[in-house]
Amino acid sequence: MIRIGIILGSTRPGRNGAAVAQWVLEQAAGRTDAEYELIDLLDHPLPHLDEPIPASAGQYAGAHTLRWAETIDRFDGYVFVTPEYNHSTSGVLKNAIDYLYQEWTNKAAGFVSYGAVGGARAVEHLRLVAAELQLATVREQVTLSLYNDFEDFTVLRAGDVQTAALGRMLDQLTLWSAALREVRTGRILERV
């Protein structure tokens, strides 16, 4: 079974991301194409990047890094739930991504963002980061506006349009995750 991690990319007090990630998990729970699990960065406190060797070497020194690597390595794909801060993603999410390399490589990613303009600029930044990690991103994404998709800027009220977009994104994500699992295991090469 394909395994998808839903990464909650904010640790800010009063974060809207918790409701967004829970909504993604609830929508995904009714699907039969993959297993979905919430990964809350509050549960993985990582200091500002403190590994002495670049992540691409795969030589992690810190116990916190090893735990994080084990968590991320379990999944075939990811949904990044990201706020938009200053035209980018959160510092804590970028830091968590930067800790690892191989654990992200040849996997798939989709995005659910939120902010004043739906978090679209945060996703554009994350797509560039993902490309460097060889993390394939799907086209469909969900952008939640604090003005239109939240009541009083705090209570998520995702409508049918957003729910449909999430379904399409998860369709693409599970398909790509399955295909890239074949790449990672080398089975794709056996067919060539």
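Here are some notes:
- Annotation: of all residues in region 15-34 being surrounded by 15 or more Cβ atoms within 10 Å (Cβ to Cβ) and without any contact (Cβ under 8 Å) to a residue 60 or more places away in the chain, the one that is nearest to VAL92 (Cα to Cα) is ALA18.
- When we screen ASP98, ASP152, ASP171, ASP76 for residues that are exposed (fewer than 15 other Cβ atoms within 10 Å of the Cβ) and of a type in the set (D, E, K, R), the only hit is ASP152.
- Some residue of region 38-45 being more than 18 Å from ARG12 (Cβ to Cβ), modelled with pLDDT of 95 or more and surrounded by fewer than 15 Cβ atoms within 10 Å (Cβ to Cβ): no
- Check on ALA109, hydrophobic (A, V, I, L, M, F, W, C) and free of Cβ contacts under 8 Å to residues at least 60 places away in the same chain: no
- Count of region 59-83 residues, restricted to those that are charged (D, E, K, R) and touching a His at 6+ places or on another chain (Cβ under 9 Å), is 1.
- When every residue of region 50-67 is checked against the conditions, none turns out to be closer than 25 Å to GLN27 by Cα, β-branched (Val, Ile, Thr) and modelled with pLDDT of 95 or more.
- Being within 21 Å of ILE2 (Cβ to Cβ), assigned to a strand (DSSP E or B) and small (Gly, Ala, Ser) holds for only one residue in ALA109, ALA69, and it is ALA109.
- Which numbered condition ALA164 fails, given (1) of a type in the set (Gly, Ala, Ser); (2) in a loop (DSSP other than H, G, I, E, B); (3) over 17 Å from the mean Cα position of the chain (by Cα): (2)
The values are calculated or read from the model by the stated rules, or taken from the named source; none is laboratory data. Fair warning: this is a prediction, and the values are worked out from it, not measured in the lab. Backbone-built Cβ (ideal geometry, glycine too); neighbour counts: all protein chains shown.
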